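Okay, so here's the structure we're looking at.
The values are calculated or read from the model by the stated rules, or taken from the named source; none is laboratory data. Computed from a prediction, not measured in an experiment: that's the story for all the values here. Neighbour counts run over all protein chains shown; Cβ positions are idealised from the backbone, glycine included. Accessible surface areas use protein heavy atoms only, side chains included; no ligands, DNA or RNA. Shrake-Rupley method; radii C 1.70, N 1.55, O 1.52, S 1.80 Å.
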Amino acid sequence: MRERPGVHLPGLLRGQGARAGVDGPPPARATSGVVDCALYRDGARVEGSEGTAELYAQARDIDGAFVWIGLHEPDEKTFTGVAEIFGLHPLAVEDVVHQEQRPKLERYEDVTFLLVRAAQYVDHAALTDTSEIVHTGVVWIFVGEHFVVTVRKGTVGELRSVRAELEAVPHLLAQGPWAVVHAVYDRVVDAYVDIAAAMQTDLDMVEASVFSRDPNLGIEQIYQFKRELMEFKAAVMPLQRPLSTIVDRQAGALPKEIRRYFRDVADHHARVVEQVISHDDLLTSILQARLAQVTVAQNNDMRKIASWAAIAALQTAIAGIYGMNFAFMPELQWRYGYPGVLTVMVLSAVALYRRLRRAGWL
C-alpha cells in the first residue's frame, strides 16, 4: 500500500491486512441500531453523555466541530428519528428505508447523500456450482456541514475500525465530515483491489483447468464464478460517477487536502474497473471455450456411435440377405458357404473400421 505525502496513515485506515479489507466481525450493537455517536472538535473526540440532538446543537455552535453517528441496520423508527434531527431529505431517507443499493451521489441543498457497496472475498477450497466468492453490503452516508451519518446493512463493511483509526489521526479528522467519507471510500476501494487480485488467482486456476488435457471443470462451476463476478462488478462499476463528481469539485465544499486523497482513491478504483472488465472478458472467453469443448466432445461421441452403427449395419445387411431362405440363392449348396460368408463379414467389418479410424471417426 502507498504512503501519502505529508500524512502517515495507519495500516487499517489504508486497507492493509486482511484480503477483503472490510471483513472484520460485525460489532456488537444496541437494539436500536446505533453503533456509536460522538462529537468531534479539531480532530479530537469530545467525551460526553449527551444525546444525538444535543451533540448536534453543540457542533453547530462550534467552528470545525461535527457529529458522527454510525448505524447498523437500524429499525425504521430509529432512522426516522435521526433523519429528523439532522434534517435529511425525505427522498434520501426513502432510499435507505427501501434499501436502494446502487452506488450514487446526490445533493439535497446543504446535505450530500452517498451510497457505496462494500465487498468481501470469501475463501473457498474449490470452485463449485454453488460457491459464494463475493459477499456485498451497503453503506449509506449523509454529509452536512456539521455532521456525518453512516448507515450500514449486512456484515460486510464494518466501520468501527475506520472510526478508531481516524481518531488516531487527529489532523486528518480535523478536515471535517468529508474526512470520514474519504476513510469509508478508501477502505471499500482497497477491499476492491484485494478482491480483484484474489479473483485473478481463481481465474488463472479456471483457465488452466479448462485448457488442461483432461478438463475437470464443468460449465455450472464457470457460470457460478461469472455470476459472482457480476455481483462484484455491480458494486464496482457504478462507483465511477460518484468518485468523478467528488474529484471534479461538484460535490460541495470539500477541503483541498481531502480532495487530493479522493483522487488517490479514484486512481485505485480505476485500476479495479480495468481489472473487472478484463476478468469479465476473459471469463466469457473461457466459458465459450468450454462450451465449444463440450460440443466437440459430443460430436466425437456421435461420430463414434455412427461409426459402430455403420459397421453393425453392414453385418446386419449381409446376414439379412442370407436369412431370406429363398430356394435359389448362390452358394447355398456350397460346402464352404457358411464359413465363407462369416469371413466376408469379418473382413468387411475390419476394412470399414480401418477406414473410419483413418478418417478420425474412431
Among GLY81, GLY51, GLY176, which one moves the most in a GNM of the chain with springs linking Cα atoms closer than 10 Å?
GLY51
Ordering VAL67, VAL122 by how much accessible area each has at a 1.4 Å probe, largest first, what is the list?
VAL122, VAL67
Calculate the tail of P(r) for segment 293-359: the fraction of all Cα-Cα distances greater than 18 Å, expressed in %.
51
Take ARG60 and TRP334, extend 7 Å from each Cα along the Cα→Cβ direction, and tell me the distance between the two endpoints in nm.
11.5
Convex hull of Cα atoms in segment 240-362, direction-averaged projection (nm²):
13.2
Cα principal axis extents for segment 55-175, largest first, Å:
57, 34, 23
Between the Cα axis of helix 337-358 and the main Cα principal axis of the chain, the angle (0 to 90°, nearest 10) is 30
Once you charge only the Cβ atoms, +1 for Lys and Arg and -1 for Asp and Glu, what is the size of the charge dipole of segment 34-289 about its Cα centre, to the nearest 20 debye?
480
Subtract the Cα-Cα distance of SER285 and GLU207 from 0.36 nm times their separation in residues, and report this length gain in nm to one decimal.
27.1 nm
At 1.4 Å probe size, with no ligands or nucleic acids counted, give the accessible surface of TRP361 in Å², nearest ten.
100
How many percent of DSSP beta bridges within the chain run antiparallel, rounded to 5?
85
Taking the 0 to 90 degree range and rounding to the nearest ten, how far is the long axis of helix 219-236 tilted relative to the main principal axis of the chain, both from C-alpha atoms?
20
To the nearest 10 degrees, how steeply does helix 256-322 sit against the main Cα axis of the chain, on a 0 to 90 scale?
10
In whole percent, and with a 1.4 Å probe on the protein chains, what portion of the accessible area of the chain is carbon and sulfur?
54
Each residue of segment 127-134 in order: what ³J(HN,Hα) in whole Hz does its phi give by Karplus 6.51 cos²θ - 1.76 cosθ + 1.60, θ = phi - 60°, with x for Gly and Pro?
8, 10, 7, 10, 5, 9, 9, 10
Mean projected area (nm²) from the convex hull of Cα positions in segment 243-294 is 4.0
Rounded to the nearest 10 Å², the 1.4 Å probe accessible area of GLU207 is 70
Subtracting the Cα-Cα distance from 0.36 nm times the residue separation, let me have the gained length for ALA126 to ASN216 in nm, one decimal.
31.2 nm
If you split all Cα-Cα distances of the chain into 20 Å bins from zero, what percentages do you get per bin, shortest first?
25, 38, 15, 11, 9, 3, 0
Measuring from label point to label point, each 7 Å out along Cα→Cβ, what is the LYS77 to SER278 span in nm?
5.2
Trypsin sites (Lys or Arg not before Pro) restricted to segment 232-328 and DSSP loop, no more than 12 other C-beta within 10 Å:
ARG249
